[in-house]
């Protein structure tokens, strides 16, 4: 079961995979859309009667785009080539959902155009305080428009008018034509358009909003909306309104006087400050009316036939979905379009209708003996195991499958439902052991690390691992979000594999693999061996063509065995210590809750964003920093920005941190301890991060805070698994900055590392023009932020926010940095130029990452030296990919060499984990010195860089208590 099951896709992209049973579902990828042509009578622009009885949805595009952008901002969704596409995905998904859920007759997307509108001409301050669109979003707008057009949805806009005016005009045309119009928007200005035929549609709640809902909210009729807003004003758009006239008073005034003119004419009757304000701000109110009222006569022409659902450009959509990595949407668009077939976008060869597969079940001792005798003569075998669980450390073998000739494969069942013939598990494992353990027979497979661990649990050491199709495809296209067998089969062979649901079902009735009929499992499992065998020659050719063969053969394939060793062994955790921390963190949370409620002056559900927003922005009147689809955001970045203004946000941040650590690690880790081993066996993922870094899951040990007290407390629960043993931690010192120094060739940076100086203090000294002794902690902190900002593409704005300084100060620091270290600027320009020319960047070991969107070197980049302000997201990705990817390769090579030496020299020390730039070992205390010397030697000599690689080694009774080890 597991290899496909553990091939997960990017969070948020596809449906969740089945969890309880054997292999999870192969994610279908691809799109072919077939659509009937529009009726002949609609082939030309239609008159009003042509749309009678239609239901027409009009999307306020930017309103929806901003919703999905903020909703998906934490996911950092990028295309296979490194471009940000989160908003493109979210917007496209919402359009598909709209078509699925509401089945409109027609759909249009209204857009704003850049430049001033007629409202700016009458009021200079209109929307003057609107912040500039984030760069990572503005880069996605052309992509969104392209997808919309490929889906056959007309884009409607007009110079000098806003999208709201366009929507108002479309709504008028719909009413005149007898059609029903639904406005997909969160903009309250559109409430003035509500009629018996026009409503607002909330796509998030799947609710229509009409005159009844308006009266419930504001207590007014649609025809009073403009007057209501003219009195209240709009701070976001800088619509002035009248001071001291809020929604409640505006409602009462309109209820009494009916209209804005009557309210203003009777202002003297009210008395008090409000009366005075209405009189003094009469012109502002009338101006506000002009600003708020939507223009229903924008000179647009609608071709209703083109607005009908159905004009999908299948070829263009396929190209776009391939480029952006949208696989889950492909099937949904196909279903909406009514197509009958599915292809993979950009698949390399045409789909095949016939899959010639001779798959046999070997279920007798005699047949098994014949099979073994045949396998003994082979130079290469494709292997696969079917199991009872996703986690290899607890899975039981259900059966083995083998293939050595394309189109022919064999399945050996050892578990199955009552009545089906299977072989004895122990006897079968013993019979197959010589085949698996013969290094002269090369083994290939898909996610073969899983099989290594599963086989080890039944006493078999798999030897001769030569090729992994999953790893190979990852090297060929590291930006892809999935490298599972189903995807690879479609992509390279044009073959749609058997779906796991066909074998074990789904939902409440889902079976374990050993409960499914052996015959059905046999066909499924045999295909799992056959497909990698057919894929291998194609992937070998691609690796060779892309100059990736050496990387695959010398690093990635040898690393598979190392990672299997680590996963099989696991790491010991002190459950008693975690229970202590659980009590302690629970008490801290309770105390924080008391303090928060005292500051709030009332009871509060701290986990409710809605209650927090009401407290922060309504009760405490703190400024709204950003909005999401559900209202004002209370995420961590917002709370941190609000912290200087009031003590409550900082307390909430602290509460959330403790709550997250408690749920993610302190209470979760004991549940993950394998009862048979007493250890936690995290999965180390080799094909997830596009940079080449490893990631971990179940649990994710990469995210344990490193430098905080809480992080140290959690690490104190990690200990050696043998009585009396200690942990040894080896960490590369500033590896990414050393890689930067190697690549950029800047003599000052290189000299600093040669002299083993404090690089952050040195940079602070040189940039600020002071001696090393005069560098303050604040100066060093700023230099450190800039040093790492270069690697991660931090902008002056980001630096300013992180350091709590002005954007001007941050820009000045960055410019001084580049003036001091001109070699870094050369590296940036050279990297971007090469990436633009060849479409990808490479690491020191030729790891490749394809990246689109790199522009010609921006004019003035070198002269102004403020490089980071000019870089867009793909350009920052390119710069980072080279540095972080090289660092990832260095520690991978070190892991392979260290593990080889540990086995050859039979040292008692054992490697446990890799966390970013750190390796963790357990060892008897008397062997610590020898292990430390071995590890330091291999890590520091793993490659010849222009600067030395420094390795810090620490030893201690637990991870947190490790102290510096000096030889």
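Quick notes
- Long-range neighbours under 7 Å by Cβ, at least six apart or interchain, first residue without any contact (Cβ under 8 Å) to a residue 40 or more places away in the chain within region 780-800, second not in a helix (DSSP H, G or I): 800/806
- Unique match (being modelled with pLDDT of 85 or more and either part of a loop (DSSP other than H, G, I, E, B) or under 30 Å from residue 236 (Cα atoms) (or both)) among 350, 299, 345: 299
- Selection of first residues in region 291-318 that are over 27 Å from residue 190 (Cβ atoms) and of second residues that are assigned to a helix (DSSP H, G or I), restricted to Cβ pairs under 6 Å at least 6 apart or on distinct chains, gives the following pairs, ordered by first then second residue: 312/337; 313/150; 316/150; 317/150.
- Residues of region 608-655 that turn out to be over 23 Å from the mean Cα position of the chain (by Cα) and in a helix (DSSP H, G or I), as a count: 23
- Taking first residues from region 692-719 that are assigned to a helix (DSSP H, G or I) and partners that are modelled with pLDDT under 90, the Cβ contacts under 8 Å between residues at least 6 apart in sequence or on separate chains come to 702/916; 703/664; 711/704; 711/705; 714/704; 714/705; 715/704.
- Of the helices (runs of 4 or more DSSP H) lying entirely inside region 102-215, those carrying at least 3 residues that are surrounded by fewer than 17 Cβ atoms within 10 Å (Cβ to Cβ) and modelled with pLDDT under 90 are 118-122.
- Just so you know, in region 239-280 the residues that are in contact with a helix residue (DSSP H, G or I) (Cβ under 9 Å, 6 or more places away or on another chain) and on the phi > 0 side of the Ramachandran plot include one that is surrounded by the most Cβ atoms within 10 Å (Cβ to Cβ), and it is 241.
- Among the residues examined, residue 329 does not qualify as at pLDDT 85 or above, part of a helix (DSSP H, G or I) and in the same structural domain as residue 157 (by the TED database).
- Test: residue in region 76-90 that is assigned to a helix (DSSP H, G or I), touching a residue at least 60 places away in the same chain (Cβ under 8 Å) and buried (at least 20 other Cβ atoms within 10 Å of the Cβ): yes
- If only residues of region 608-634 that are without any contact (Cβ under 8 Å) to a residue 12 or more places away in the chain and within 19 Å of residue 236 (Cβ to Cβ) are counted, the one that is surrounded by the fewest Cβ atoms within 10 Å (Cβ to Cβ) is 621.
- Residue-level check: of (1) free of Cβ contacts under 8 Å to residues at least 24 places away in the same chain; (2) buried (at least 21 other Cβ atoms within 10 Å of the Cβ), residue 944 misses just (2).
- Members of region 564-579 found to be farther than 12 Å from residue 912 by Cβ and either within 28 Å of the chain's Cα centre (by Cα) or part of a helix (DSSP H, G or I) (or both), listed by number: 564, 575, 576, 577, 578, 579
- Residue ID - nearest to the chain's Cα centre (by Cα), chosen from residues in region 661-674 that are in a helix (DSSP H, G or I) and surrounded by 15 or more Cβ atoms within 10 Å (Cβ to Cβ): 664
- Region 238-264: number of residues that are within 20 Å of residue 194 (Cβ to Cβ) and within 43 Å of the chain's Cα centre (by Cα): 2
- Of all residues in region 525-538, those being in contact with a helix residue (DSSP H, G or I) (Cβ under 7 Å, 6 or more places away or on another chain) and crowded, with 24+ Cβ neighbours inside 10 Å number 4.
The values are calculated or read from the model by the stated rules, or taken from the named source; none is laboratory data. All values derive from a computational prediction rather than experimental measurement. So basically every Cβ, Gly included, is an ideal-geometry build from the backbone, and we count neighbours across all protein chains shown.
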